[in-house]
Amino acid sequence: MAEQSYAVEVGHPPSALLRLVNPILGALLRTPLAGSARKQLMVLNFTGRKSGRQFTIPVSAHVIDGDLYALAGAPWKANFRDGATAQVVYDGKTTAMRGELVRDRASLPDLYLKCAQSYGAKRAQRMMGLKFREERIPTREELAEAIERLKLGAVRFTPEN
């Protein structure tokens, strides 16, 4: 019997390409030339929790239930484990925000499902950096499995007061 593939896999471009494109994308998103991408992507500027190093990372921006999120499997998300300040460039504006890693792992499947449903199956894959085995939005259970296996997470950004 043939082994069935997972319902959800990572679908972002190769790391080498991202290292090449990210600095260009980060600069472009600060200008009007980025057009509609300014509402689809954001640039996070933050200090590493342990290293003290400055990071500038363009990521997909997701507005879920009125809150701004970055959904990611990348290790940078751990910098927001206990909450951290970030300068966030979104929709052409730079705002001081507080990023908090969502610690309630049980809430992540619902968050990912809402996000995917807001885009539709095809666009969700591109915006979330995921690949779906079938041409449909995965179930909550399929997303829960992927979140654990791929170590996916979410960082919620709120304006600093």
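Could you check Gln54 against (1) at pLDDT 95 or above; (2) surrounded by 12 or more Cβ atoms within 10 Å (Cβ to Cβ) and say which number it fails?
(2)
Conditions tested, residue by residue: (1) within 30 Å of Phe132 (Cα to Cα); (2) of a type in the set (A, V, I, L, M); (3) modelled with pLDDT of 80 or more; (4) assigned to a strand (DSSP E or B).
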site	(1), (2), (3), (4)
Glu9	yes, no, yes, yes
Ala16	yes, yes, yes, no
Ile24	yes, yes, no, no
Lys39	yes, no, yes, no
Asn79	yes, no, yes, no
Thr94	no, no, yes, yes
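Output the qualifying pairs, or none if there are none: Cβ atoms under 9 angstrom, residues six or more apart or on different chains, first residue in region 1-30 and within 24 Å of Ala116 (Cα to Cα), second residue surrounded by 12 or more Cβ atoms within 10 Å (Cβ to Cβ) and aromatic (Phe, Trp, Tyr).
Cβ pairs passing all conditions: Ala7/Phe132; Val8/Tyr112; Val8/Phe132; Glu9/Phe132; Gly11/Phe132; Leu29/Tyr90.
Name every residue in region 124-148 that is modelled with pLDDT of 95 or more and of a type in the set (Lys, Arg), in order of residue number.
Lys131, Arg133, Arg136, Arg140
Restricting to region 130-161, name every residue that is outside any strand (DSSP E or B), basic (Lys, Arg) and more than 21 Å from Glu100 (Cα to Cα). First the steps, then the outcome.
Narrowing region 130-161 to residues outside any strand (DSSP E or B): 133-152, 160-161.
Filter again for basic (Lys, Arg), leaving 133, 136, 140, 149, 151.
Listed by number, the residues that qualify are Arg133, Arg136, Arg140, Arg149.
Output the residue which, of all residues in region 84-123 that are among the small types (Gly, Ala, Ser) and farther than 30 Å from Glu160 by Cβ, is surrounded by the fewest Cβ atoms within 10 Å (Cβ to Cβ). Spell out how you get there, then give the answer.
Filtering region 84-123 down to residues among the small types (Gly, Ala, Ser) leaves 84, 86, 92, 96, 99, 106-107, 116, 118, 120-121.
Adding the requirement that they be farther than 30 Å from Glu160 by Cβ leaves 120-121.
Numbers: Gly120: 12, Ala121: 14.
Taking the candidates together, the pick is Gly120.
For region 60-73: of the residues being surrounded by 17 or more Cβ atoms within 10 Å (Cβ to Cβ) and out of contact with any helix residue (DSSP H, G or I) (no Cβ under 9 Å at 6 or more places or on another chain), which is farthest from Lys114 (Cα to Cα)?
Ala72
For region 131-140, state whether one or more residues are among the hydrophobic types (A, V, I, L, M, F, W, C) and in contact with a Phe, Trp or Tyr (Cβ under 7 Å, 6 or more places away or on another chain). Steps first, answer last, please.
Initially, region 131-140 is screened for residues among the hydrophobic types (A, V, I, L, M, F, W, C), giving 132, 137.
Now narrow it down to the ones that are in contact with a Phe, Trp or Tyr (Cβ under 7 Å, 6 or more places away or on another chain): none.
Looking through region 131-140, none of the residues is among the hydrophobic types (A, V, I, L, M, F, W, C) and in contact with a Phe, Trp or Tyr (Cβ under 7 Å, 6 or more places away or on another chain).
It is to be established whether one or more residues within region 126-142 are in contact with a helix residue (DSSP H, G or I) (Cβ under 6 Å, 6 or more places away or on another chain) and under 20 Å from Arg38 (Cα atoms).
Yes, that holds for at least one residue.
For Ala70, which of the numbered conditions (1) assigned to a helix (DSSP H, G or I); (2) out of contact with any Pro (no Cβ under 8 Å at 6 or more places or on another chain); (3) of a type in the set (A, V, I, L, M) fails to hold?
The number of the failed condition is (1).
The values are calculated or read from the model by the stated rules, or taken from the named source; none is laboratory data. Please read all numbers here as calculations on a predicted model, not as lab measurements. When we count neighbours, we look across all protein chains shown, and the Cβ atoms used for this are built from the backbone with ideal geometry, even at glycine.
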